[in-house]
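The values are calculated or read from the model by the stated rules, or taken from the named source; none is laboratory data. None of these values were measured; they are calculated from a predicted model. Don't worry about glycine lacking a Cβ; one is built from the backbone with ideal geometry, like all the others, and counts go over all protein chains shown. These area figures cover heavy atoms from the full protein model, side chains too; ligands, DNA and RNA do not enter into them. Shrake-Rupley method; radii C 1.70, N 1.55, O 1.52, S 1.80 Å.
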Amino acid sequence: MTTSPVHEAASPQGTRPRVVLGVSGGIAAYKACELLRQFTESGHDVTVVPTAAALEFVGAPTWAALSGKPVSTDVWSDVHEVPHVRIGQSADLVVVAPATADLLAKAAHGLADDLLTNTLLTARCPVVFAPAMHTEMWEHPATQANVATLRSRGALVIEPAEGRLTGKDTGKGRLPEPREIFETCREVLARGVGALDLSGRHVVVSAGGTREYLDPVRFLGNRSSGLQGYALARAAAARGAEVTLVAANVTLPDPAGVKVVRVETTAQLRQEVVGAAASADAVVMAAAPADFRPVGTSEAKIKKAADGSAPSLELTQNPDILHEISTDRSHAGSVIVGFAAETGDETGSVLELARAKLARKGCDLLVVNDVSGGAVFGSPDNEAVILGADGAVVEVPRGSKSVLAHVIWDEVATRLQD
Ligand code: CTP
């Protein structure tokens, strides 16, 4: 039986992108098998370089079988091919997952006592580290200093996820889901060296649709899937930003390296966005907050009336978060981006209504979707026009939500102040 690739990857030269998957000795090494499959099934040429400790967790036959290539940990095999130099030199991307505290320390200090650390010294392509360790090890000043060193040299070090660790512990230190590490790597590969233009920036993205409860089981909601907001968060993290994603009722997996704050109502969304915006260089309001909420929420489930009458709903307006953070900029110089889903009506065309909204909201950029027919909701694609308060008009043709996300960050990046 043959399986068709999930989707084919190609390097700029039209060859299969060459990925080095470094694996260091942590329990999360087993998750790297899934990451390897993601790469190989989507047409990447992968060389696995485990450390000796990694082989204590997952053996060489597994890596060799899944990658279709021989595997070695030291520099003494096939010496005539000079693997300690060649593997790094010829790579389009090196990703180390999991990266242990020990591996990060060696990489930060330029040690080269095995094949993986040699490869890290010879690679001139983008390098991604996906650390996984116990919280104490991650938070230790030595590890944090090593991470800062690696980032200052242009490596993308993905923030570990929070959750269950080895044993009974929970906390920060989990390896993000392999599929999400893969997505991040794909974005880094597509952008190449120098892709980390949001490094050192804190950005806030809101995503999803809020719910306004009538009673414990019923709510007013909307059709926002959260896909565009998640694509924005993933893209910003892949460009090196510290990302806070305020997600309203989204069931998508957490993007790698992103801090996800979950909310339900517009009031909760407002509290989290306003709080995070205080230290943010950019805020992108991709969420669809409900404009109205019931005046009161019943604590008990609302029952049908015996006489067949329907209850009447009294609604009140929710605060406009985008307007609030645009007019009361707690972080001077921040760039604020809104979205506008418009259909056009008798008072104006889509773009006329959008221009009026840009002025009314007071944000710097407005991403305008024409939603006549409901086309954009839940779709992997999007097309938009980005309007700038400075008069800019950028048309983004139909493409993936990831492509639109990167154009939005390009526009944000040019407006960020030093
Ligand atoms: N928005 C917000 N707070 C709200 C409603 C909307 O911050 N209570 C933000 C959305 O996240 C989006 C932008 O405002 O970035 C525009 O949303 P939209 O629903 O188009 O704006 P409205 O002000 O609700 O305008 P309209 O009357 O056209 O629905």
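So the values come out like this:
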quantity	calculated
Residues of region 259-286 that turn out to be hydrophobic (A, V, I, L, M, F, W, C) and away from the ligand (no atom under 15 Å from the Cβ), as a count	3
Index of the failed condition, GLY240 passing every other in (1) over 29 Å from PRO216 (Cβ atoms); (2) open to solvent by less than 60 Å² (accessible area, probe 1.4 Å); (3) within 16 Å of the ligand (Cβ to nearest atom)	(3)
Some residue of region 372-390 being under 19 Å from ALA248 (Cβ atoms), within 14 Å of the ligand (Cβ to nearest atom), open to solvent by less than 60 Å² (accessible area, probe 1.4 Å) and assigned to a loop (DSSP other than H, G, I, E, B)	yes
Filter pass, THR316 being within 16 Å of the ligand (Cβ to nearest atom), hydroxyl-bearing (Ser, Thr, Tyr) and either open to solvent by less than 60 Å² (accessible area, probe 1.4 Å) or within 27 Å of the chain's Cα centre (by Cα) (or both)	yes
Counted residues, region 57-76 - those being out of contact with any strand residue (DSSP E or B) (no Cβ under 8 Å at 6 or more places or on another chain) and open to solvent by 50 Å² or more (accessible area, probe 1.4 Å)	8
Members of region 346-370 found to be in a helix (DSSP H, G or I) and of a type in the set (Asp, Glu), listed by number	GLU352
ALA300 more than 30 Å from ALA354 (Cβ to Cβ), in contact (Cβ under 8 Å) with a residue 12 or more places away in the chain and more than 12 Å from the ligand (Cβ to nearest atom)	yes
Condition check for PRO294: over 28 Å from the mean Cα position of the chain (by Cα), of a type outside the set (A, V, I, L, M, F, W, C), open to solvent by less than 80 Å² (accessible area, probe 1.4 Å) and within 16 Å of the ligand (Cβ to nearest atom)	yes
Filter pass, PRO289 being in contact (Cβ under 8 Å) with a residue 40 or more places away in the chain, open to solvent by less than 20 Å² (accessible area, probe 1.4 Å) and within 16 Å of the ligand (Cβ to nearest atom)	no
Qualifying residue in region 326-342 (condition: more than 22 Å from ARG223 (Cβ to Cβ), within 14 Å of the ligand (Cβ to nearest atom) and open to solvent by 20 Å² or more (accessible area, probe 1.4 Å))	yes
Set ALA235, ALA256: member being of a type outside the set (Phe, Trp, Tyr), assigned to a helix (DSSP H, G or I) and either buried (at least 20 other Cβ atoms within 10 Å of the Cβ) or more than 15 Å from the ligand (Cβ to nearest atom) (or both)	ALA235
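Rundown of residues vs (1) among the aromatic types (Phe, Trp, Tyr); (2) surrounded by fewer than 18 Cβ atoms within 10 Å (Cβ to Cβ), yes/no style:
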site	(1), (2)
ARG179	no, yes
CYS185	no, no
ALA195	no, no
GLY200	no, yes
GLY209	no, no
TYR213	yes, yes
PRO216	no, yes
PHE219	yes, no
SER224	no, no
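For (1) of a type outside the set (A, V, I, L, M); (2) at pLDDT below 95; (3) assigned by TED's automatic domain parsing to the domain that holds GLY221, each residue gets a yes or a no:
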{"site": "GLY362", "(1), (2), (3)": "yes, no, yes"}
{"site": "VAL368", "(1), (2), (3)": "no, no, yes"}
{"site": "GLY374", "(1), (2), (3)": "yes, yes, yes"}
{"site": "SER379", "(1), (2), (3)": "yes, yes, yes"}
{"site": "GLU383", "(1), (2), (3)": "yes, yes, yes"}
{"site": "ALA389", "(1), (2), (3)": "no, no, yes"}
{"site": "ALA392", "(1), (2), (3)": "no, no, yes"}
{"site": "LEU404", "(1), (2), (3)": "no, no, yes"}
